[in-house]
Amino acid sequence: MSQVLGKQQQQQQQQDEEEEEEEDELVGLADYVDGPDSSDADPESGAEEGVLDFSDPFSTEVKPRILLMGLRRSGKSSIQKVVFHKMSPNETLFLESTNKICREDVSNSSFVNFQIWDFPGQIDFFDPTFDYEMIFRGTGALIFVIDSQDDYMEALARLHLTVTRAYKVHPDINFEVFIHKVDGLSDDHKIETQRDIHQRANDDLADAGLEKIHLSFYLTSIYDHSIFEAFSKVVQKLIPQLPTLENLLNIFISNSGIEKAFLFDVVSKIYIATDSTPVDMQTYELCCDMIDVVIDISCIYGLQEDGAGTPYDKESTAIIKLNNTTVLYLKEVTKFLALVCFVREESFERKGLIDYNFHCFRKAIHEVFEVRMRIAKSRKVQSQMRKKKGTTPNGTPRVLL
Ligand SMILES: Nc1nc2c(ncn2[C@@H]2O[C@H](COP(=O)(O)OP(=O)(O)OP(=O)(O)O)[C@@H](O)[C@H]2O)c(=O)[nH]1
């Protein structure tokens, strides 16, 4: 599925956005974003419209890393393939064992802009050719996958070794533990396994005097949506604009009579933000299914006869009425993002209001990322100038290093 718009379309899109100069106000609410009024995003800057680059402030080239680690056959490659390559879970049975570090950029096809490094089962921290300091230094999140259907004592020892090494190099890494393959466990067994792993992992850290290291635990499986939900939470922690996005969603739903709203990355079905009401797994699953339906239908009937066009564009929108007086409403926000809302039928009668508020919401989202792109661009210029002058970010002459 190609999500990349043709160059002409991109330019048209930019023109359209520049033309939208009228001052909008969300109904029932004044100025809710303190972003700039107009865009000066430069298409030449390399910053792609709609792509969130939450990279190192001094370099727009470096993307934050998400490492996938864990014992052999714990399910690392399967997770990556299912979430980012739309591989069906059954096909992962035929995946070969990874024997070298696989690095993948998740930026060209998707809104979220980062690198995933899939590690072979057993990496040896004592191997002199393995520069773990370099790897951990640029890491945003370390996902450690534990196979819950297997004896997990060895995995816990590995987790401890990995986390303590990584923490020494880079204390700001988010440590995320996926208690994986829980599809094979009963509900009681799941809770018990999570409690046991949580307890043992934290006890090990406490024994080493490292109780300040925080581990987050998730029960995951590639056979349901739990893996997408867990990945969503991992990615959200790496998005600096998250509080602003949540705030915008809160304001949008409260002014439009909407029950729940998710901002989805359409390609990966990761939700990058939602409003502050609790997330219910079934609601999330319905939203994922809706995205699949929209993209599938549009691939079959939405493209031109010669196959030109994209299955997801500015016109993409869908309404699905459920038999429980709820309406699912999907609308395009950027070329990678969609808003999916849950609305009660009676509130959906005021669709005009919802659409008007959505228009303001969409504009605000674009402004949030324009600010970000402008900052990234000016930092890039600054760092280029610094390089020319031969100084480091803190002003030390480079030759002294
Ligand atoms: N039941 C179940 N099986 C899974 C799940 N995820 C992965 N698997 C299976 O686990 C096996 C190993 O998966 P891989 O993704 O190759 O594991 P890996 O951690 O990348 O393995 P190495 O490359 O050897 O390190 C495959 O047969 C997958 O089908 C899951 O959520 N549930």
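The values are calculated or read from the model by the stated rules, or taken from the named source; none is laboratory data. Only a predicted model underlies this, so the values are computations on that prediction, with no experimental measurement involved. Cβ sites come from the backbone with ideal geometry, for glycine too, and all protein chains shown count toward neighbours. Surface areas here come from the heavy atoms of the whole protein model, side chains and all, with no ligands, DNA or RNA. Shrake-Rupley method; radii C 1.70, N 1.55, O 1.52, S 1.80 Å.
Shown here for segment 178-254: chymotrypsin sites (Phe, Trp or Tyr not before Pro) in loop regions (DSSP other than H, G, I, E, B) with at most 16 other Cβ atoms within 10 Å, namely Y223.
When the Cα centres of segment 233-291 and segment 64-100 are compared, how far apart do they sit, in Å? For segment 233-291 versus segment 64-100, the Cα centre distance is 25 Å.
Solvent exposure of segment 63-236, expressed per residue, is 46 Å² of accessible area, with all protein chains present and a 1.4 angstrom probe. What the Cβ-Cβ distance of E246 and D172 gives, at R0 = 25 Å and to the nearest 0.05, is a FRET efficiency of 0.70. Annotation: extensible slack from I320 through M134 equals 62.1 nm (criterion: 0.36 nm per residue apart, minus Cα-Cα distance). Taking label points 7 Å from Cα along the Cα-to-Cβ direction, E211 and S276 give a separation of 3.0 nm. Computed extension gain for Y301 through E349, at 0.36 nm per residue and net of the alpha carbon distance, reaches 14.5 nm.
Using the Cβ-Cβ distance between A308 and V368 with R0 set to 35 Å, the FRET efficiency from 1/(1 + (r/R0)^6) comes to roughly 0.65.
Of the trypsin sites (Lys or Arg not before Pro) in segment 211-295, the ones in a loop by DSSP (not H, G, I, E or B) with at most 10 other beta carbons within 10 Å are K212.
Quick check: at a probe of 1.4 Å, how many percent of the accessible area of segment 164-302 sits on carbon and sulfur atoms? Can you show the working numbers first?
Working: 2990 of 5930 Å².
That share works out to 50 percent.
Modelled this way, with points 7 Å down the Cα-to-C-beta line, the labels at S186 and S254 are 4.4 nm from one another.
Here the simple spin-label model places points 7 Å from the Cα toward Cβ, and for Q199 and D151 these points are separated by 2.0 nm.
Using r as the Cβ-Cβ distance of Q382 and T164, and R0 as 51 Å, what FRET efficiency do you calculate, to the nearest 0.05?
On the way: r = 36 Å, r/R0 = 0.71.
Here the calculated transfer efficiency is 0.90.
Any of K314/K377; K269/K314; K168/K212; K181/K260; K81/K237 with alpha carbons more than 24 Å apart? Name them for me. From K314/K377; K269/K314; K168/K212; K181/K260; K81/K237, over 24 Å: K314/K377; K181/K260.
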